[in-house]
Structure formats: structure tokens, C-alpha cells
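The values are calculated or read from the model by the stated rules, or taken from the named source; none is laboratory data. Because the structure is a prediction, the values reported are computed rather than measured. Because the Cβ atoms are built from the backbone with ideal geometry, glycine has one as well, and the counts that use them run over all protein chains shown.
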Amino acid sequence: MKIVFFGSPDSAVYSLKKILEEGHRIELIITQPDKPAGRGKKLTVSPVKRFAQTFNIPVYQPAKIRKDPIALEKLKEIDPDINVVVAYGQIIPASLIYLPRYNSINLHFSLLPKYRGASPVHWNILNGEKNTGVTIFELNEKMDEGDILAKRELEILLGEYAHELEVRLAEIGTELLCKTIDQIDSIPHTKQDHSQATFAPLLKKEDGRIDWTKSAVEIDRKIRAFTPWPSAYTFLNQKRMKIIRGKRQDCRTQGLVPGEIRGVNKTGIRVSCGQNSMYLIEELQPEGKKVMNAYAFTLGTQISPGAKFL
């Protein structure tokens, strides 16, 4: 089958690789433009583009695909059987969606209609969901509202981080996606129940600030959802600090002051939270430095009794 593939991050590379292994022809890859990253703001290519370059697959990177006439001309020239979309990062116009023989299908990392939007994996963890999954659906002009072609459910593991869950979803989603492509002639379409829809808007950096008045359960969810991007952070001695890894701890003490450091040992830094709960920081990243063990950080930093994260 002739395919035009739309995708950008690492999670899309799983599908891209599997589609090629299944013997399909990817005639063109459309991905996000190169973006400046790091302290030096060096232009960085998307993981999908890096993969395409390795296999000499043509790549096109429109800044705004909805206003880009070249993309439409390229697809008309290719005349694909189907467009496959996995975490592309832009809204695709109807002129491209309906051009192929079998239109366009999308692999989404939630059980639609729940968690429509750009950050479904993160919001599943933030909201403490027990299960999630993947959905293959047919694109239309609205956000994640097209007919469902296939679904597969997955349990969220205890203490699982967003990037870990995303890898598992990408793996099972890849298998389901290829199966759907193979059965595209006969697979049934199921309308979504829009009354059951929930949303997963794009996370913003400022959303990552930890509110220590929240319970340790909620703080743990935020850290697992925001790591590694856009990161969960706090302040100590007026310096920003990312919290990379940790866990809730049992606590029987009453009258705790949220954000107060209650103890330091080789396991990490114990911090009091709302609802008389406790969180253990195991790994952190001080401003301008690399990720480090929390206890190692305390050895080079004076933490006085009663010091607080803000």
C-alpha cells in the first residue's frame, strides 16, 4: 500500500518502522520543522525525520500545513492509498485528509472519546486513571472526533511515568495500526459518543510548578506526568529545581507544614505535603546542573532545619 506518513516524536517512530517491515511503501513523510533546542539553540530534527534520513525517505516540513499549498501538490503527485498519522503535532486540513483512496487514519494514545487532544498520556496519569489504551480512528476536520476503527486497553502500572507509559502504548498501538491497515477494506466504523468526551490539552511549562499544599498522591502524579517534559519543578533558596523521580511515603505525623523538608538520608529528601502526607525526592536537577541523586545534592548544599520548597 502507498502511504504518506505524518508524525514527529519518538513514539511515532515505532509505527513508521513497523509499517516498513510489513512491506508497505512510505512515499513521503511529513513532520514538524526543525526546532532550536538546548542552551545553544541548535536546530534539532524530529526523531521521525532522523529515521527518514537513515532510510532515504523523502521528507517535507511545513511550518503550518493548513496554509501550505505545496503539501497538497505533493500528495496529489504521489496519489497515496492512505495517510497514516501518529503524533504529528498539527491539524491536517480536509484537502489532505480525504485525498487518498482510504482517507486518513490516526493512532491516538487514549481510549477515545476520553482524552481528546495533544497530551492524553500525561492527563491519564495526572487524573489517576487505572487504565488507558490506544485508538485507531478515521480523521475528520474536528479534533479526534472521527469514527473508531479499533481499540486496545492497557493497565497503567503502579508508579509508571508518562514516558514509560508512552513507550508501551506506542508498541501495542503499532501492532493495532498495522492490523487496521491490512483490514482497511472491511473494518467496521463506530461513531464516537461525543457526550462521553474528555479533553487533554497541551501541557504548558508553567503548569509544572509543584503545589506542596496538594497531597503526596497528587504531587506524585504531577511528577510522573511532567517528567521529562515539560518537567515538574519547585524552588529552594530562590533557585528553580526540577524534581525527576520520587515516591509517596507513609506518614503518621500531624500538623505538617507543606513544602518543609522533614529529613534527609541516603534514600533522599523527605518533604511534607498537604493532607499530612509525605513525599520522598529521590532524583532532582538543580538549576543549571545535571540530574543527580537527591542525597548527593544535600551533601554539597546546606539545608537548614525548617527549610522549605516553595
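On the stretch given as the stretch 251-304, residues that are of a type outside the set (D, E, K, R) and touching a residue at least 40 places away in the same chain (Cβ under 8 Å) total 18.
When the stretch 77-103 is filtered for residues that are under 15 Å from the mean Cα position of the chain (by Cα) and either farther than 22 Å from Ile187 by Cα or not assigned by TED's automatic domain parsing to the domain that holds Lys17 (or both), the ones remaining, listed by number, are Ala87, Tyr88, Gly89, Gln90.
Against the list (1) surrounded by fewer than 21 Cβ atoms within 10 Å (Cβ to Cβ); (2) within 16 Å of Lys191 (Cα to Cα); (3) modelled with pLDDT of 95 or more, the condition Met143 fails is (3).
Here Ile125, Ile223, Ile219 are screened, and the one residue that is farther than 24 Å from Ala12 by Cα and crowded, with 19+ Cβ neighbours inside 10 Å is Ile219.
Scanning the stretch 104-160 for residues that are among the small types (Gly, Ala, Ser) and out of contact with any Phe, Trp or Tyr (no Cβ under 7 Å at 6 or more places or on another chain) gives Ser104, Ser110, Ala118, Ser119, Gly128, Gly133, Ala150, Gly159. All told, Glu166 meets the bar of being in contact (Cβ under 8 Å) with a residue 60 or more places away in the chain and either among the small types (Gly, Ala, Ser) or in a helix (DSSP H, G or I) (or both). Could you list, in sequence order, all residues of the stretch 64-103 that are under 9 Å from Phe6 (Cβ atoms) and among the aromatic types (Phe, Trp, Tyr)? Hit for the stretch 64-103 is Tyr88, nothing else. The residue that is nearest to Pro47 (Cα to Cα), counting only those in the stretch 1-29 that are in contact with a Gly (Cβ under 8 Å, 6 or more places away or on another chain) and not in a loop (DSSP other than H, G, I, E, B), is Val13.
Out of the residues in the stretch 92-118 that are of a type in the set (Gly, Ala, Ser) and surrounded by fewer than 19 Cβ atoms within 10 Å (Cβ to Cβ), state the one that is nearest to Ser195 (Cα to Cα).
Here is the first cut: in the stretch 92-118, the residues of a type in the set (Gly, Ala, Ser) are 94-95, 104, 110, 117-118.
Those still in the list that are surrounded by fewer than 19 Cβ atoms within 10 Å (Cβ to Cβ) too: 94-95, 117-118.
On the way: Ala94: 24, Ser95: 28, Gly117: 16, Ala118: 20 Å.
Going through the qualifying residues, I end up with Gly117.
The residue that is surrounded by the most Cβ atoms within 10 Å (Cβ to Cβ), counting only those in the stretch 228-259 that are polar (S, T, N, Q) and modelled with pLDDT of 95 or more, is Thr234.
For every residue, the table says whether it meets (1) in the same structural domain as Lys179 (by TED's automatic domain parsing); (2) more than 25 Å from the chain's Cα centre (by Cα); (3) touching a residue at least 40 places away in the same chain (Cβ under 8 Å).
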residue: Arg25; (1), (2), (3): yes, yes, no
residue: Pro33; (1), (2), (3): yes, no, no
residue: Asp68; (1), (2), (3): yes, yes, no
residue: Leu75; (1), (2), (3): yes, yes, yes
residue: Ile105; (1), (2), (3): yes, no, yes
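For every residue, the table says whether it meets (1) assigned to a strand (DSSP E or B); (2) of a type in the set (S, T, N, Q); (3) at positive phi.
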{"site": "Ile181", "(1), (2), (3)": "no, no, no"}
{"site": "Asp185", "(1), (2), (3)": "no, no, no"}
{"site": "Ser195", "(1), (2), (3)": "no, yes, no"}
{"site": "Asp220", "(1), (2), (3)": "no, no, no"}
{"site": "Ala225", "(1), (2), (3)": "no, no, no"}
{"site": "Ser231", "(1), (2), (3)": "no, yes, yes"}
{"site": "Phe235", "(1), (2), (3)": "yes, no, no"}
